[in-house]
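Q: Below you will find the structure I want to go over with you.
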Amino acid sequence: MGKLTEFLMKASPPPTGMPFCMPMMKGWVPSRLQPWIYVLTALCFQFSGGMYLGALDEIRGTTNFMIEDVMFLLYATLAGMAMWFPMLFRMKFRFTNQQLLCTSAIVMGICNLITMHSHSMPVLVVACFVAGIAKIQGTFECMSNIQLWITPKRDFAVFFPVLHIILLTAIEGGGWLAAWMGHHFTWQMMHAFTIGTMSFVLLTQIVLCRPFCPMPNRFSLKGTDWQGALLICVTMLLFSYIFVYGDHYRWFENYHIRMVGALTLVFAGLTLYRLIHNRYPYVELHLLKCRNVVPILIVTVLAELAFGAEHTLEEILYSEVIRLEELTKENQYLWALPGMYVGIALDLYWLKVMKWKVWKLIGFAFLSISAYALLMYSTVGMSVNIEQYRLAIMLRGFGYGILAPTLMWALDESVPSLEMFFMGLFVFNIPHMYLAGAMGYGFYTTIFSHFLNEDMMNYGRQLTLTHLDLSHLSSSPPFGVAKNFGEFMGDSYLHSMMLVAIKQVYGYVIWFAMLLASIFLLCDIPAVRTNIRKVPLWPVLAIEYLSRKNKTV
C-alpha cells in the first residue's frame, strides 16, 4: 500500500449531499460562471504544447529540423504528460489550486518562449518534456475542480466522455490553429498565442480566485521515488528515439541506433530493478495483477497501432503526393471532430443509459477503423478531390471517440483504489498517447518504404524503351525527350508508386482491424464467451469491487 493511500485512509471523507460549489472562487464571481471559467482554463492548457505539428512545413522551412526531429519533440511532450499522472493527486493534496495553475501557466509560457528561439535539440527536448508536465497538471487541476459539476454522483461513465470532448476538440483544433497562424503569420505566432493564453490564466487566477487546498492536512512529497521517475523518463525517451528515427537510420543496421538500443536495454533493466526493490516505487507493479488491466493495455496497443495508419499514411498522402499546404491539410483533419462527437455520444448512451458491456462497443470501434481503411483504399488516387476523403476521416474520428473514453472507463472499473487508478492512468497512457503511437509511426514508415522500394524495383524490371511512346513525351528530341522523361520518372512515376504502396498498407490495416472487430464481437456472444474464454460480466466485477471496499472499511 502506497503512502498516498495511507494518507487518504486517515483523512476524513468529504461530506455528501451538498450542492456543488467552488470554494477557490471569490464570492463576487457569479456561481453560474465559475465552472465555465475553469472549462476555458482547461482549454487554454490543452491548446498549448511544446512544438505544434500543424506548423510542420513552416518549421522545416525556417529551421534545419527533419520531420523526425519535430515528431521526437512531440513525443517528448507526450512523455512528460504520461509520466506525471501518478503525481497529479499528490500535487493536489500538497499545494493550493492557485499555486498549481499559476506555476503550470508560468512554466508553459517559459517553455514556449524557449521553443520559439532555440534550435538546440537537447534544450528543446527538455523544454517540451517539461511543457507536457505543466499541460497535464493544469488540465487535471481544472477538471478535478468541476468534476462534481459535470456529474454530481461522480459517475465516470459521464465524466470521461465529457472530458474527451474537451481533449479531442483541443487536439484537432490546436493543429488547425497552429496551421492558421503559420499560414497567415509565422509558426512562432502559435507560441506567442500560447504565452498570451497562459497570461490569461494567470490573470483569472489572481483576480477571480483565492488559494484553496481540499485537504487541511497537506500531503508531504518526501519519499517520492524521483530517481525511479527519472529512469522511467529516460527509458521512454530512448524507446521513442528508436521508433521515430529507426526508419531514417535503417534501424539496427546503423551503429548509432544499435548503441541507443543497448543503452535503452540498460535503462529498462535499471528501471525494472528499482520498481521491484523500492518500498514505495513510483509505480507499483502489482497494478498489472488487477483484473482486466493487462487486457485493457493490450487493446490499447492494438488500437493505437491501427490508428497509426492515420498519423503516417495520411501525412504521406497529403504532404508528399497531393502536396497540400498545411492549412488545407488541417482543414481536412477537422472533419474528424463530428465523428468523434458522435462516438462520444454513443459512449454516453452505451455506458450511462443502457449500461451494456463494452466488448461489443470496442468491436464497433474497430469496425469503424476497418471501414475507414476500406474507404481510403478504394478512394486514394491522383484525380480524387480531397472532399471525397471526408467520410473516411469522420469514420476514424468515430472510432477514436469510442475507444478513448471507453478504455479509460474500463480501467477505472478494474482498479481498487484512487491511487492505483492514477498509476493505472500512467501505465495506460504510455501506450495510449506515447509508446504505441511512436511504434506505429516507425512501423508504418518502415512497411511503406518496403512496399515502395519493392514496387519500384518490380516496375523498373519491366520498364524498357519499347514500352514507351516517346512521341507523347516530346516532339523535339533528343534533349526534350530526356527532360520530359526525367520529369515523368521524378514526378508522375514516383507519385503513382507511392499511391500503390499506400493502398497496400491500407489493405493490411483492413484485415487487421476486421480481425480485431471479429474477436470483440464474438466475445459478446454468450456461447462463445462461455465455451472459449471465461470473461466475467461487468456487474460481477462491480459486486466484487464493492465487497473488497466494504472489507477494507
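The values are calculated or read from the model by the stated rules, or taken from the named source; none is laboratory data. Keep in mind that what you see is a predicted model, and the values were worked out from it rather than measured. Note that we place each Cβ from the backbone using ideal geometry, even for glycine, and neighbour counts take in every protein chain shown. To get the accessible areas, we keep the full protein, side chains included, count just its heavy atoms, and leave off ligands, DNA and RNA. Shrake-Rupley method; radii C 1.70, N 1.55, O 1.52, S 1.80 Å.
Q: Note down the net charge around residue 444, summing +1 for each Lys or Arg and -1 for each Asp or Glu among other residues with Cβ under 11 Å from its Cβ.
A: Once positives and negatives cancel, what remains is -4.
Q: Set the bar at 28 Å for Cα to Cα. Now go through 26/153; 329/503; 153/357; 135/329; 92/329 and name every pair that lies beyond it.
A: Where the Cα-Cα span goes over 28 Å, the pairs concerned are 92/329.
Q: Find the accessible area per residue for the range 84-148; the probe is 1.4 Å, ligands and nucleic acids are left out, and the unit is Å².
A: Details: 2020 Å² over 65 residues.
That works out to 31 Å² for each residue.
Q: If we sort 382-393, 89-100, 71-82 on the protection proxy, mean other Cβ atoms within 10 Å, highest first, what's the order?
A: 71-82, 89-100, 382-393
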